[in-house]
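What follows draws every value from the coordinates through simple rules; no lab data is involved. Note that the structure is a prediction, hence the values are computed from the model and not measured. All Cβ positions, even for glycine, are placed from backbone atoms using ideal geometry, and neighbour counts span all protein chains on display.
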Amino acid sequence: MRRRAGAPDDLVAGLAGRTEPALVFLTGPRGAGKSRWSERLAASAREAGLAVAGLISSAVIEAGVKTAIDLLDLATGTRRRLADRPAPGVPGTAGLGWRFLPDTLAWGNEVLEQTGPCDLLVLDELGPLELGGEGGLSSAFRTLQARHYSLAVVVVRPELLAEARERWPWVEEELEVDGRGEEERMTTILDIDFGRLYREHFAASGGREKPPEAWDARAAELSREAAGSPYVDEFVRRMDLSGCTTLLDAGCGPGAIALAVAGRLARVWGLDYSRGMLTALGENAAARGLGNVEGILRAWEDDWSDVPACDVVVASRSTLVRDMEDALSKLDAKANRRVYLTSLVGGRFVPAEILEALGREHTPLPDYIYVLNILYRMGRHPRLDYIQTGRRRPVAPDLDALVRQVAASVGELNDAEKERLSAWYQADPQRARLVDTPRRWAFISWETRMP
């Protein structure tokens, strides 16, 4: 049975009632938006708390032209260059006009072979290479046959549907993307759901929130760094505390911002999901003789109904969250007068020089521009400024530390990438220790008490 593909959310909603594995084909002409629909489906499933796995072929657009194809691992967010346009005289894939990269195909097949049980499996796409028996992502056949999923959605071109039906006669239905979806109806900025777009971008970039234990281990280190920080001075200098007596610091860490202004206020609360950070907050407050500071153990996704509303709410370098819209709503709801926050500019924590050495394409994390647009849709009028930090500590003191730090930001490195990173490091260890550039933070503020 074939029907028009509706909203991906509808397909995700139907997953709850499934008791047997099911297979669905997603089809449509070239340029209809099959990959985009698949990405939205995966993002919607993640938002629903479902386990998502599979691969998506994502177009690389430059100056309005599709110049390459990336392969995105939905389970980890890792993205690698899959194919590019062959230069004149360089043989490409017969009939396709693309030159596929063997290393990425091998990596994609390895990802599929290691895919475990999941709620949603997405494969974009199984095309002429796979169905014609010429290689490609051939491990997809075993992954589909294993049926360790509740629902598998496989992208198939219209001209290959007959062959796909013959191979998988148990397909449940076919969904058709015809290019007449909501993207085509979008005519103004008011048609853009920036909250959902942020969540999809966060998922596509492989964004993940560190467990509280990771921050517990860094509490002492960050306490030392915060003392006398030029960044803190710049943040505080931009704050207006006139008429204010209370402050909430969300994602407070060891209290760099909260403690810098606590002496000018009656009560200060620091909120964090790391017990280690809250312990450091209390110790630092005591060391400064501040008796008006209290910690609250809470995460961004928790219920904040009992968190006290304050005159001022701050969130300093703590808003790398899965759901920015929800986070901003919580900050806004708890601020009687003003909110101040900083958000990363550029979306990268790993220097471009290191990414280039790895040979990896990595989707940047969503940055401050989403914050501005979500606030605009909330009816707020945010002000924008920038804080530029100086050169930070060395990236890593040795090769092992460098490998760990890079993997923490971009995902696990394969053996070839570790070898390339090692060669880059060994060529100039001093460069590796110092490679870094000043980081820029967007300083965003707004009034919650509208005139």
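Sequentially through the range 233-243, phi angles give Karplus couplings (6.51, -1.76, 1.60; θ = phi - 60°) of 4, 5, 4, 5, 4, 8, 8, 10, 9, 4, x Hz, Gly and Pro residues having no value and appearing as x.
Compared with the alpha-carbon gap, the fully stretched path from A162 to R2 is longer by 56.3 nm at 0.36 nm per residue. Counting 0.36 nm for each residue step from D233 to Q426 and taking away their Cα separation leaves a gain of 65.7 nm. Would you mind getting me the FRET efficiency between D9 and R288? Use the beta-carbon distance for r and R0 = 60 Å, nearest 0.05. According to the calculation, E is roughly 0.75. The protection proxy used here, the mean number of other Cβ atoms lying within 10 Å of each residue, ranks peptides 246-252, 414-420 as follows, highest first: 246-252, 414-420.
Residues H381, H201, ranked from the fewest to the most other C-beta atoms within 10 Å, line up as H381, H201.
Phi angles of the range 303-319 translate, via the Karplus equation with coefficients 6.51, -1.76, 1.60 and θ = phi - 60°, into HN-Hα couplings of 6, 9, 4, 9, 6, x, 6, 10, 4, 10, 10, 10, 9, 8, 6, 10, 9 Hz per residue; Gly and Pro are given as x. Looking at the chain, what % of the alpha carbon pairs are farther apart than 40 Å? Looking at the chain, the distances longer than 40 Å represent 29 percent of pairs. Counting each DSSP H run of 4 or more residues in the chain as -39500 (n - 2.57), what helix-only mean residue ellipticity at 222 nm follows after dividing by all residues, to the nearest 500 deg cm²/dmol? Theoretical 222 nm ellipticity from helices: -10000 deg cm²/dmol.
Counted residue by residue at 0.36 nm each, then reduced by the alpha carbon distance between them, the extension gain from A220 to Q388 reaches 58.1 nm. Using the Cβ of A48 as centre and a radius below 9 Å, the other residues enclosed give a net charge of -2, where K and R count +1 and D and E count -1. The modelled label-to-label distance between R449 and R99, using points 7 Å beyond Cα along the C-beta direction, is 6.4 nm.
Taking the average, over residues, of other Cβ atoms within 10 Å as the packing measure, peptides 14-20, 214-220, 336-342, 40-46 rank 40-46, 336-342, 214-220, 14-20 from highest down.
The ranking of L129, L278 from fewest to most other beta carbons within 10 Å of each one's beta carbon is L129, L278.
Positive end of the dipole of the chain (Cβ unit charges, origin at the Cα centre): among I369, P169, L120, the Cα lying farthest that way belongs to I369.
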